Amino acid sequence: MSASTASSWWCRGTPLAGQLTLNGSLAQDKRSWSGTLTNTDFTTPVGEWRLTRPIALNYGVAKQQMAIGPHCWANPHARLCVPQTIEVGESGHASLVLERFDLAMLQPFLGPDTHLSGGFTGRAQATWQAGQGLPQARITLKGDGVNITQNVQGNKLPITLSQATLEATLAQGQARLTWLLGIAGNGQLRGDVRVANLLGARNLSGNIDIDRFSLALLNPALMKGEKVQGMLNAALRLGGTTLHPQLYGRLALEGVDIDGQFMPIDVTDANLAINFVGMSSTLQGVIKTSQGQLNLSGNADWRNLNAWRASIAASGTRLRVTVPPMVRLDVSPNIVFDASPNQLSLNGRVDIPWARITVQELPESAVGVSSDEVMLNNAHQPIKPVTASIPLHTDLTIAIGNNVRLSAFGLKAALKGELKVIQNQNGLGLNGQIMIPQGRFAAYGQDLLIRQGELLFAGPPGNPLLNIEAIRNPESTANDVTVGVRVTGLADQPKLEVFSDPAMSQQQALSYLLRGQGLDSTGADSNAMTSMLIGLGVAQSGKLVGKIGETFGVSNLTLDSQGVGDSSQVVVSGYVLPGLQVKYGVGIFDSLATLTLRYRLMPNLYLEAVSGVNQALDLLYQFEF
């Protein structure tokens, strides 16, 4: 006689859910149990797995041995089978066959920019004996039509594997992993890695080879007109142990030619080689560009993995660096970068003999970033600043040569000087001096000549000491008067004063600075001076006024000054409806108000009504030349 039992279990949840039915009976002598597993399926993030036929189960109490009969698990994208009975106990054996694995199964775990297609088949076998140490095992995988497509800034980068095989074995206390990846129309990556004496020293051996891998593979991901070419080869041999790995051989990148806006230099021919000797390596390289050459050398040592070190030195002469559309400069670097587990350091000197720096004008609506800005994550929590796990120390000298020109926000000037960049545990600091030997500054219609310019850095980079003197162009100034402005003090609290030669009142000096001539005795020039100063102040308020208009639904709200002398006005204008502009002006000296309505009838035809001291209705047509 035997006792039979039947049980059903189910689990509902996210992301896993499932159900199973187990039937079984215990033998009369209670030495074995037999049963079947039926009606079993599981819901997972990669789809439903369903048992295709019942599983026969048998458990021997004396030997504590479980036998699991042949069966298969099916998924819309995969099928995994047990072709023969699995014996599980102190001794046993097992085998699995992956009849199909569609890589589309992995798509839910990938971002929208990555797409996989193709599939793999494979087998796995394992046997073990009580008291015989490690088991014997073998796993093989073979790809079929594997294709990876990556979206890079709107461009698709396809990679098709013509070959994809992997084999892992465990036999006689040794583990071995071999692989072969062949890229269609490109090179191959081969590997054969072995670990012997797994229960002892774990000796490492094997080879890793890269055969003619072409960088042209990346071209589909580049923008129109950009290209990259070059060849990567490697012949490496492994040695040592898993705790102290050794590497021998050579890795070389040859014939590299890169033409793309993402590179600040135009690389025409680059060759880099790393030679590995056990637990150390050396680097030699030359990067040729359309103008200038960069020489690289370096070394690394990892004999003590807790105290590894690496060093790279770079030197060159008049290397052209371009960052469109703002910066073009020639640099002559002589720097050394050192790395260790405790510190990164950058030391040396960079000479800039020639540069052209053009800063684009900002729109009137542009505003600076607030010093108390706080960035939030998707959960509306403040994002903590990311700090480097290894501190960076810098001791870098930057020498600005005699042919450096800056054009920014109305300033056109030559720069010259030398700065010392220091970074340590106290933060970033600048020490040195930048001179402005000559330059011009255009502002509010004035042409100012920089007669003297000096910026002194002694600590925080954002707050230099200023000593700048600019005068109005003598050719546009009456009576041989020299007049200008002098800016002194720290950048965050500058002191500005107007000076003149010969000395005169501030009102007269300001008139010469802004108008090129002094004030007459009738008072008319005084009114002109007042309207000019109001105009200068109004010009600085554009950003704030525009934001106020947006708040109240008025587009293009502006505050401006119009007219000259006694007829000067402050005018507010904006569009209350598409095509309907309203202007309201108030006289500065007579307080008379003028209301103007302008309606666009056609693209170049306007109807304008003016109401003030006088009334007018005009039909205006705009000509474009």
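The values are calculated or read from the model by the stated rules, or taken from the named source; none is laboratory data. Keep in mind the model is a prediction, meaning the values are calculated, not measured. Note: ideal-geometry Cβ built from the backbone for every residue, glycine included; neighbour counts use all protein chains shown.
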Search region 268-284 for residues being more than 17 Å from Ile312 (Cβ to Cβ) and β-branched (Val, Ile, Thr), and hand back the single one that is surrounded by the fewest Cβ atoms within 10 Å (Cβ to Cβ). Val277
In the set Gln506, Gln423, Gln493, which member is in contact (Cβ under 8 Å) with a residue 24 or more places away in the chain and either more than 30 Å from Gln343 (Cα to Cα) or of a type in the set (S, T, N, Q) (or both)? Gln423
Out of Ala184, Ala201, Ala164, I need the residue that is farther than 18 Å from Gly239 by Cα and loosely packed, with under 15 Cβ neighbours inside 10 Å. Which one? Ala184
Quick one: is Leu103 over 30 Å from Ala130 (Cα atoms), crowded, with 16+ Cβ neighbours inside 10 Å and touching a Leu at 6+ places or on another chain (Cβ under 9 Å)? yes
Cβ contacts < 8 Å: first residue more than 18 Å from Asn275 (Cβ to Cβ), restricted to region 300-316; second residue not in a strand (DSSP E or B), any location; separation 6+ or different chain. Result? Leu305/His244; Asn306/Pro341; Ala307/Ser340; Ala307/Pro341; Gly316/Gly292
Which of (1) at pLDDT 75 or above; (2) crowded, with 19+ Cβ neighbours inside 10 Å does Ala528 not meet, given it meets every other one? (1)
The number of residues in region 67-84 that are surrounded by 15 or more Cβ atoms within 10 Å (Cβ to Cβ) and either farther than 29 Å from Pro15 by Cβ or of a type in the set (D, E, K, R) (or both) is 3
Could you check how many residues of region 138-172 are outside any strand (DSSP E or B) and either under 20 Å from Ser95 (Cα atoms) or modelled with pLDDT of 95 or more (or both)? 1
Looking at this structure, is Thr38 crowded, with 17+ Cβ neighbours inside 10 Å, β-branched (Val, Ile, Thr) and modelled with pLDDT under 90? no
Entirely in region 59-136, the strands (runs of 3 or more DSSP E) that have 1 or more residues that are among the acidic types (Asp, Glu) and out of contact with any Lys or Arg (no Cβ under 8 Å at 6 or more places or on another chain): 86-88, 92-102
Just checking, how many residues over region 212-247 are in a strand (DSSP E or B) and either in contact with a Ser or Thr (Cβ under 9 Å, 6 or more places away or on another chain) or surrounded by 15 or more Cβ atoms within 10 Å (Cβ to Cβ) (or both)? 17
Looking at Ala6, Ala94, which one is modelled with pLDDT under 85 and out of contact with any Ser or Thr (no Cβ under 7 Å at 6 or more places or on another chain)? Ala6
Quick one: Glu361 ticks every box in (1) modelled with pLDDT under 85; (2) more than 27 Å from the chain's Cα centre (by Cα) bar one, so which box is it? (2)
In region 298-309, which residue that is buried (at least 17 other Cβ atoms within 10 Å of the Cβ) and small (Gly, Ala, Ser) is farthest from Val286 (Cα to Cα)? Ala300
Only one of (1) surrounded by 16 or more Cβ atoms within 10 Å (Cβ to Cβ); (2) in contact with a Phe, Trp or Tyr (Cβ under 9 Å, 6 or more places away or on another chain); (3) under 30 Å from His93 (Cβ atoms) fails for Pro135. Which number is that? (1)
Does any residue in region 181-196 that is part of a loop (DSSP other than H, G, I, E, B) come within less than 7 Å, Cβ to Cβ, of a residue that is among the aromatic types (Phe, Trp, Tyr) six or more places away or on a different chain, and which pairs are these? Asn186/Phe213; Gly187/Phe213
Name the residues in region 153-198 that are among the charged types (D, E, K, R) and under 35 Å from the mean Cα position of the chain (by Cα), would you? Lys156, Arg190
What do you reckon, is Leu199 out of contact with any helix residue (DSSP H, G or I) (no Cβ under 7 Å at 6 or more places or on another chain) and either of a type in the set (Val, Ile, Thr) or in a strand (DSSP E or B) (or both)? no
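Residue-wise test of (1) farther than 23 Å from Lys495 by Cβ; (2) of a type outside the set (S, T, N, Q); (3) buried (at least 16 other Cβ atoms within 10 Å of the Cβ).
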site	(1), (2), (3)
Val404	yes, yes, yes
Ala408	no, yes, no
Gly427	yes, yes, no
Gly439	no, yes, yes
Pro461	no, yes, no
Pro464	no, yes, yes
If Phe262 satisfies every condition in (1) farther than 30 Å from Val336 by Cα; (2) surrounded by fewer than 16 Cβ atoms within 10 Å (Cβ to Cβ); (3) touching a residue at least 24 places away in the same chain (Cβ under 8 Å) but one, which is the exception? (1)
